[in-house]
Amino acid sequence: MSLHGRRIWPLLAVLSVATTPASAQAIPKPDYVTYLPREVVLPVQATAGNRAFHLFGDSSAPGYRDDAPRDGIDDARERWLHALAVRFAPWMVRNSVDFPMDVRRFIEGGEASTLFIDVLDLSQAHPRLLSTETIDFGKLAGVDTAPDRRLAQLIEQFAPDPPPVRAPPRPELDLRYVMYFDFPGEGPASWNREFEGSVRGAIARKYVGFAKAFVHPFIAEVRAERFEPARYELVLQYWFFYPYNDAGNAHEGDWEHINVVVTPRAQGAEPLAAAAMAQLLDGPAEPDGLVIRRVEFYFHHWEYTADYMTPDVYAARAEWERQVGRLRQERVGEREIWRQIRRQAYLDEAETHLNLHPVVFIGGDNRGLQQLIASPTRLGRASHGSYPFPGLYKDVGPQNTGELVRTRWDIFRATPESTATEARAVVRFDNPDRLEIIPDWERVLPLVRTDPVARRKWAWLVLPIRFGYPATQSPFAGIVRYAETGNTSAVGPSYNSAWNRAGAAQGYDAYIPHRLGSFFPASQQDNYWTGWGFFNLTLPTLVTLPPFDIAYRHVTAPLHATNRHAYPAFYGSEHIPIRFIGVPVGVSSVTVPKAFLNLAGFPELGQPFLQEVIALAGTDSAFNASVSPPEVQRVSVPTYGVSLFLGRRFASENTLRHSNHPMRADVSISSIAGLYPLSVNLEMWEYSGSLRYNMALGGLQPFVKVGYGRSWYRLTDAKFNGQVLGNGDTRWVRRAGLLGSLVPNTWHVGAGLEFIPLRGVGRLDWGFRGDFTVYSHNLGLKNEEGTFLIAQDAHVTRIHLGFGTTLSF
């Protein structure tokens, strides 16, 4: 499985990991064992339905034949199951060079034909490697040889059935046996060199023709209050093997799968009664009489169900539209998902030709914080999860990692022939040569115990073998010893908790998403580019910060508006964002610091002021003039802004404010009695960009914020003793040109509280808030050549109280 685990790891842990996917290498022996769980894993047993209905044939029946091939399946039943598997085989859309490969071509005489058996002792603090043994499957010629006898011993020792009584283990040892095949390469770079050809983005020539899927049919029991006794469903489980995974986590060997539940068209959405299932299997109908009931897609630790019967995609368009209208939409965008399912169920716009081949999008581009600790690379796109549609799948991996499937979702309408090579964007598996039926492991266990040919062919299904070197360096690897952290190779399908299981199962939670647009990012990671590595700290991070976020949206808006293939965003998390963009308006109240009067020291006001003072004092004797601290009024002015929300915790806030602040002071002249009034108006413009963090996620949200901005101001209407000083205005202070405006000159911190009485997903929200913000900056008084300032620069701090309301969507 790719991207093992979905818990949210602390950011500190992310930034402290030294290894990266781009430089990942195999973890040497015996250390790799500390990355593997200690628990003994057992294969999943056959379902009760498989046994009750003899899905793979009744070996006690007179007509039972298991000769071609010898695999525990009745030959006639296998031909029917194989035809069924071809009818419903997936069409797989590649995201990288990868496609599901035939594992047999690797392990039965290929480049991974050596089975390694490491014996390790875990009784001490540091594990010890006691021995390493190998069996070359290429030399298992189906006859009684020493390698074959050793393989038979392993099956007796580790087969799922109770093994024979052996001598008790030695108490001073804690033995652990690890069996694995080692596939070509040791990390992403070497895997890419191995499997990518000389043409970038194309599979290496020697792997053309390796496409294969393993199909495991089973009968699932369905229990519900509305019917008794239980009913049943026939499930085709398609298993896909990939030699490596180099996305959010790096590991060798990867098994993925989907389930296709099939049913007679006349049966509709109801499961089959026991008699109907028996009739279906005892007198097998032509596969043409069956259709898809639903498709279950598995990616990482999630399962998504595409329901073909609710609403019924096989109904005429008008009837289907009526069903859609009657169904209550429980998730935002659910109707659009139903439309996508119907669209994929037909091969033409007129809906005259059914498409009974599930469309599977293989993996996606990583959108996670792991990229920030990786070197730039063009790799990291091969997670191999089986996705139902293109789009951004949020929070499907650790640290809120998402995956972006950006391929056009209707690409299957121009698919190649089923015999076309894997060089095409779509690889079709409705080719009989690309499918193999695999039974329950219980069916082949007697064969592998007695038959050398079957032992070579099926040992991998009954033994706890890892398909790949056990552990590879990867982000999050080793955070917890003896625990799965996403960097270990996969065990075989029968040891996967989803084997013989439909829907959500142990290790796979149901993914029931909201479908929203992706025009606005819902987290910082949404702007990352796969392969940029730590360069994502540059432009992709910059465009999430104010005011660059707004500028970026304006620049890219025309592209989004004209792109008919723009992808949606799917949110399965309970913390789905309720807001993406907001328009806050409010009032900001502040008493500006008295030091702003120092701006009158600029020559355009300072010199006329001195001239007026000298005229009043006369030139006959010396005098002193002093200005009292000014009187400043509290001023409340409107504010306007745009907020972009990054999930429920973070928001980028852009605010613009224009204000006028009257200031009055008294001037005393030592040689003259009385006081003379000095009055000015402080005109100020200010842009503020804030990063806000919500400390609670409900309707009442306390928050803190920090940010920066650009402040520029001047004095206007300056008068002394009733006379206008100069033209009454100073220059603009701290206002920069086009490029200089990118540099902030004001910083702020604050806290506040927002109440959101109207809120919901995919609709308008309304709230009101109050906040307390402290702004800090220098006045910006600077001596210029040939000028004289009669006041000094100063550092000022302004305390703003804000009140406002926000309308958001």
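Between residue 793 and residue 42, what is 0.36 nm times their sequence separation minus the Cα-Cα distance? Round to one decimal in nm.
Gain in length upon complete extension: 262.8 nm.
Report, in debye and to the nearest 20, how large the dipole of region 591-667 comes out about its Cα centre when Lys and Arg carry +1 and Asp and Glu carry -1 on their Cβ.
Dipole about the Cα centre, nearest 20: 700 debye.
Over the chain, what is the mean sequence separation of C-alpha contacts under 8 Å (at least six apart), divided by residue count, expressed as relative contact order in percent?
Contact order relative to length: 15 percent.
Where does each of 552-559, 328-335 land if you order them by average Cβ count within 10 Å, highest first?
So the peptides 552-559, 328-335, ranked by packing, come out 328-335, 552-559.
Using only protein heavy atoms and a 1.4 Å probe, report how much of residue 207 is accessible, in Å² to the nearest 10.
Probe radius 1.4 Å; accessible area of residue 207 about 10 Å².
Sorted by average packing, counted as other Cβ atoms within 10 angstrom per residue and highest first, what order do 210-216, 445-451 take?
Put in order of decreasing packing, that is 210-216, 445-451.
Probe radius 1.4 Å, ligands and nucleic acids left out: which of 408, 692 has the largest accessible area, and how do the rest follow?
408, 692
Which one, 799, 777, 751, projects farthest toward the positive side of the charge dipole computed for region 747-807 from Cβ point charges (K/R +1, D/E -1)?
With unit charges placed on the Cβ atoms, the residue in question is 751.
Need the list of lysines near residue 212 for cross-linking: C-alpha distance under 18 angstrom, and skip anything on the same chain fewer than eight residues off.
457
Residue farthest toward the positive end of the dipole of the chain, with Cβ of Lys/Arg at +1 and Asp/Glu at -1: which of 542, 583, 366?
583
Expressed as a whole percentage, what fraction of the accessible surface of region 719-760 belongs to carbon and sulfur atoms when a 1.4 Å probe is rolled over the protein heavy atoms?
62
Place the peptides 365-373, 262-270 in order of packing, highest mean first, counting for every residue the other Cβ atoms within 10 Å and averaging per peptide.
365-373, 262-270
So for region 333-457, averaging the separation of alpha carbon pairs under 8 Å that are six or more residues apart and normalising by length, what relative contact order in percent results?
So the answer I get is 17 percent.
First compute the accessible area of region 384-435 with a 1.4 Å probe, then give the percent of it belonging to carbon and sulfur atoms.
43
Report, ordered by chain and residue number, the lysines lying within cross-link reach of residue 719, taken as a straight Cα distance under 27 Å and ignoring same-chain residues fewer than 8 apart.
By straight Cα distance, residue 719 reaches 594, 782.
Whenever you get a sec, line up 518, 690, 621 from highest to lowest accessible area (probe 1.4 Å, protein heavy atoms).
621, 518, 690
Just going by the charge dipole of the chain, with Lys and Arg at +1 and Asp and Glu at -1 on Cβ, which of 610, 62, 153 is farthest out on the positive end?
Highest projection toward the positive end goes to 610.
Starting from the Cα of residue 633, step 7 Å toward the Cβ, then list every residue of region 663-687 with an amide N under 13 Å from that point.
663-664, 680-682
What is the ratio of the Cα radius of gyration of region 626-713 to 2.2 N^0.38 Å, with N the residue count, to two decimals?
The reported ratio for this selection is 1.69.
Could you order 795, 777 by accessible surface area, starting with the largest, using a probe radius of 1.4 Å?
Result of the area sort, largest leading: 795, 777.
Which pairs in the list 29/139; 139/206; 206/394 are over 31 Å apart, alpha-carbon to alpha-carbon?
206/394
Given axes a ≥ b ≥ c from the Cα gyration tensor, I'd like to know whether region 152-257 is rounded (a/c under 1.5), prolate (a/b larger than b/c) or oblate.
Verdict is oblate for region 152-257.
Would you mind counting up the charge near residue 35? Only other residues with Cβ under 10 Å from its Cβ, with Lys and Arg at +1 and Asp and Glu at -1.
Around residue 35, the surrounding residues sum to -1.
Assuming 1.567 mPa s and 4 °C, estimate D for region 291-347 with Stokes-Einstein, Rh taken as the Kirkwood radius over Cα pairs, in µm²/s.
Here the translational diffusion coefficient equals 108 µm²/s.
Please calculate how many Å² of accessible area the chain carries per residue, with a 1.4 Å probe and no DNA, RNA or ligand atoms counted.
Ligands and nucleic acids excluded, the result is 42 Å² per residue.
For region 102-235, what's the relative contact order in percent, using C-alpha pairs closer than 8 Å and at least 6 residues apart?
23
Using a probe of 1.4 angstrom, how much of the accessible area of region 503-544 is carbon and sulfur, in percent?
On region 503-544, the fraction of accessible area on carbon and sulfur atoms equals 67 percent.
For n ≥ 4 DSSP H runs only, could you compute -39500 (n - 2.57) per run for the chain, divide by its residues and tell me the 222 nm figure to the nearest 500?
That comes out to -5000 deg cm²/dmol.
The values are calculated or read from the model by the stated rules, or taken from the named source; none is laboratory data. Keep in mind the model is a prediction, meaning the values are calculated, not measured. Backbone-built Cβ (ideal geometry, glycine too); neighbour counts: all protein chains shown. SASA here: full protein model, heavy atoms, side chains in, ligands and nucleic acids out. Shrake-Rupley method; radii C 1.70, N 1.55, O 1.52, S 1.80 Å.
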